[in-house]
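One structure is given here, and the rest of the page talks about it.
Read-outs throughout are calculated quantities, based only on the coordinates presented, and are distinct from any laboratory measurement. Since we're looking at a predicted model, the values are computed, not measured. Cβ sites come from the backbone with ideal geometry, for glycine too, and all protein chains shown count toward neighbours.
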Amino acid sequence: MSLFSFNPSRALARSLGAVLVTVPALLLAHGPEAKAVKARMDSLPATLKGINAQVQTTVAPQIVVANDSAHTLDILDAQGRSFLRINQQGVQADLASPAWYRSQTAARGVPLPKGVAQDAEPRWALVHKKPHWGWFDPRLRTDDIKVPHQVEHDGKPARLAEWSVPVRFDGEASALAGAFRYEPLPPGSFHSRLTSDATPVAGVTVGLSPGTVPAVHIHNQSGKPVVVADAQGMPHLRIGPGGSFMNTNRSNGEPRWVKVAGGSRYTWTEPRATFGALRAPADVIEAGQRARVASWSLPITVDGKPVAVKGVVDWLPGEQIAASGGHH
């Protein structure tokens with residue numbers, strides 16, 4: 001992941017890099033951006049000077065934070081326990097905290113490793129050397145937010161409910177906060193899909209869950225390591241055997257793998273599988289037809305041998321989304 005320039009656009013997610021998550025491939029056909037309820041962040045309080053934060057919708061609402069200050073930012077769970085620390089030394093995670101594992105997934109009912117419990121002794125580990133991170137916070141889930149019939153009928157943006165994530169900054173209590181908003185759907189959306197074989201080699205399957213930033217899902221039953229490189233060509237993620245691991249050595253030396261999940265499945269949000277702008281070209285929108293606007297590929301190896309993982313990005317007009325049941 002590289003330090004990102006903080007702009008309210010998809011470029012933030014691209015420059016942040018592939019934020020790792022562990023979510024099964026059971027998501028909506030057109031992703032969360034086909035929903036009219038969005039989690040949005042309010043302006044940060046003045047006390048959080050040096051902190052940049054934003055909500056990005058990937059497979060679900062996701063908070064991304066950069067800490068450019070000299071102080072430590074602690075992210076607290078619903079019970080007030082810190083599970084993430086972001087400072088100039090990088091990002092630390094409490095591997096004994098249930099919230100650490102739940103914050104990597106957009107799914108509910110995450111199985112917790114042995115020794116992980118709300119009252120367990122903290123076990124801090126460095127998971128990233130740069131002071132920025134992204135996570136799926138359960139407090140931003142939009143599933144249960146209801147849109148009043150009159151609001152939907154009026155078709156105008158409306159603030160429906162509030163959300164808040166408590167933090168400590170330099171030891172002082174504060175919060176990342178915002179609202180759940182009803183926002184009428186745009187004239188269409190981008191839809192990323194795979195064009196390469198879903199089983200590139202025996203025992204390895206690849207899937208894609210669409211969203212503003214799509215999520216790539218790999219299930220590795222081959223008994224051989226699957227390695228995903230980052231945008232600079234450095235080993236970034238290893239899936240199996242024995243779980244999923246993140247490389248915390250961002251220099252040119254040997255990878256230093258830190259286990260981030262058990263099992264043979266892993267999913268990460270992948271900015272390289274997006275279109276490079278917020279809107280399709282004007283002629284594509286005016287045509288009112290599904291159209292291919294980009295193609296992409298990922299550097300993935302199985303047991304050291306490159307495999308083809310490729311896809312395209314299509315523009316879907318709003319009428320096609322509505323016909324498929326994408327509205328909230």
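Which lysines have a Cα lying under 25 Å from the Cα of LYS310, excluding residues fewer than 8 positions away in the same chain?
In chain and number order, the partners are LYS224.
How about LYS114: which lysines have a C-alpha closer than 21 Å to its C-alpha, ignoring those fewer than 8 places off in the same chain?
LYS259
Per residue of the range 100-117, in order, report the coupling 6.51 cos²θ - 1.76 cosθ + 1.60 (Karplus, θ = phi - 60°) as ³J(HN,Hα) in whole Hz, putting x for Gly and Pro.
Along the range 100-117, the couplings run 4, 6, 5, 7, 8, 10, 8, 8, 9, x, 6, x, 9, x, 4, x, 8, 7 Hz.
Once the mean 1/r over all distinct Cα pairs of the range 37-182 is inverted, what Kirkwood radius in angstroms do you read off?
Result for the range 37-182, one decimal place: 16.1 Å.
How big is Rg to Rh over the range 47-131, alpha-carbon atoms, Rh as the Kirkwood inverse-mean-distance radius?
Radius of gyration over Kirkwood radius for the range 47-131 works out to 0.97.
Take the alpha-carbon centre of the range 214-287, take the same for the range 299-318, and report the distance between them in whole Å.
After rounding, the separation between the Cα centres reads 11 Å.
Which of the trypsin sites (Lys or Arg not before Pro) found in the range 61-163 are loop residues per DSSP with 14 or fewer other Cβ atoms within 10 Å of their Cβ?
ARG108, LYS114, ARG123, LYS129, LYS146
Starting from the Cα of ASP143, step 7 Å along the direction of its Cβ; do the same at GLN221; then give the gap between the two resulting points in nm.
About 2.5 nm separates the two model spin labels.
Using a Förster distance of 25 angstrom, determine the FRET efficiency expected from the C-beta separation of GLU254 and GLN88, and round it to 0.05. Show your work: numbers first, answer last.
Values: r = 24 Å, r/R0 = 0.98.
Given R0 = 25 Å and the Cβ-Cβ separation, E is 0.55.
Can you check what the Kirkwood hydrodynamic radius comes to for the range 188-323, Cα pairs only, in Å to one decimal?
16.1 Å is the Kirkwood radius here.
Calculate the length of the line joining the C-alpha centroid of the range 103-122 to that of the range 196-212, in whole Å.
27 Å
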